[in-house]
1. Counting other C-beta atoms within 10 Å, which of 134, 86, 184 has the fewest, and how do the rest follow?
2. Compute, for the range 14-298, the length of the dipole vector about the Cα centre, with Cβ point charges of +1 (Lys, Arg) and -1 (Asp, Glu) only. Units Debye, rounded to 20.
3. What ranking of 265, 62 emerges when the number of other C-beta atoms within 10 Å of each C-beta is taken as an exposure proxy, fewest first?
4. Report the full-extension gain for the segment residue 267 to residue 68: residue separation times 0.36 nm, less the Cα-Cα distance, to one decimal in nm.
5. How long is the gain from residue 103 to residue 216 if the chain were fully straight, where each residue apart is worth 0.36 nm and the alpha carbon distance is subtracted?
6. Give the shape of the range 169-299 as rounded, prolate or oblate, defined through the alpha-carbon gyration tensor: a ≥ b ≥ c are the square roots of its eigenvalues, a/c under 1.5 means rounded, and otherwise the shape is prolate if a/b is larger than b/c and oblate if not.
7. Going by how many other Cβ atoms sit within 10 Å of their own, how do 52, 98 line up, fewest first?
8. What whole-number volume per residue, in cubic angstrom, does the convex hull of the C-alpha atoms of the range 14-298 give?
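What follows draws every value from the coordinates through simple rules; no lab data is involved. Because the structure is a prediction, the values reported are computed rather than measured. All Cβ positions, even for glycine, are placed from backbone atoms using ideal geometry, and neighbour counts span all protein chains on display.
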Amino acid sequence: MSPVLNKVTISPSEKNPLHGIGFVILMTICFSSLDASAKYLGNELPLWVLLWGRYVFNFFFVALFFLRSAPADIIRSRKIKLQILRTILLVASTLTFWLALMFLPLVDCVVVLFVSPILVTMLAAPLLGESVGRHRWIAVIIGFVGMMVVMRPGFTIFAWVSILPLITAFLYAGVQISTRILGRTDGALTTLLYSSAGGAIIATIGVLFFWVTPSFQQWLLLGWMGFLGALSHYLMIKAYAIAPASLLAPFDYTTIIWATFLGYVMFADLPDTWTVLGAIIIMSSGLYLIRRESRLNVV
């Protein structure tokens, strides 16, 4: 999404590519820590309680740090139905991804999720009316090959749960496409408001059927997850406001590093050879698409 904030401008002196890269790396650490916390708590609480805590506390911190001095028109959206659809897709992608985390290593789920930008390229033509040339289609095919290497259909690791990260990737591709469309009319804070408030409402309705009262320590972890979610969004908005997207996008892949580290430290999981190979293939495809997109935008 174009990081245009509602009536918030960044002065030329504040634009610093190196700072933007730093913000993106911190963002990936926060997102990885959030997912690792969800995987840890998933052994103790129902998934819907985790989802509820993540979105309710996230909305609390978003309201505290983002919306307190936001302009009055932040609630106005020119595409309210698309905002609602994006929120539903976002909550659904979180639900399927965290469900996958209950059964699969953290880094495996993260690697497959990185197919999402490739899916956006594939869906750009029918949904966004963008031209997708031969080079991009080749990159898409290569990305899917990398995904299949990680998932390994026909082998013992491949089961119904292995499909969940791929479902998440499709759902998140929908989130990314809707975000790009909304970026033409709605500011970043407007979209942030709808996603955080809408996510809290959806999660609250769902948790009524699965509620288990958390312990004091679990409440703290749920609050921590909400804080990480809000902080991640702040870092993302800040980064893309002070540095070009083409420069920052490759650093999203540092998520794989943090997911590997946290997976080993917290769950004694390490990626096997196939996962590493698949990650390299997917990253190569994604980086090629980023480079291609950057060159086309310059031209």
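1. Neighbour counts put them in this order, fewest first: 134, 184, 86.
2. Once rounded to the nearest 20, the dipole reads 860 debye.
3. Neighbour counts put them in this order, fewest first: 265, 62.
4. 67.8 nm
5. Full-extension gain reported as 38.1 nm.
6. Verdict is oblate for the range 169-299.
7. Listed from fewest to most nearby Cβ atoms, that is 98, 52.
8. Measuring per residue, one finds 139 Å³ for the Cα hull of the range 14-298.
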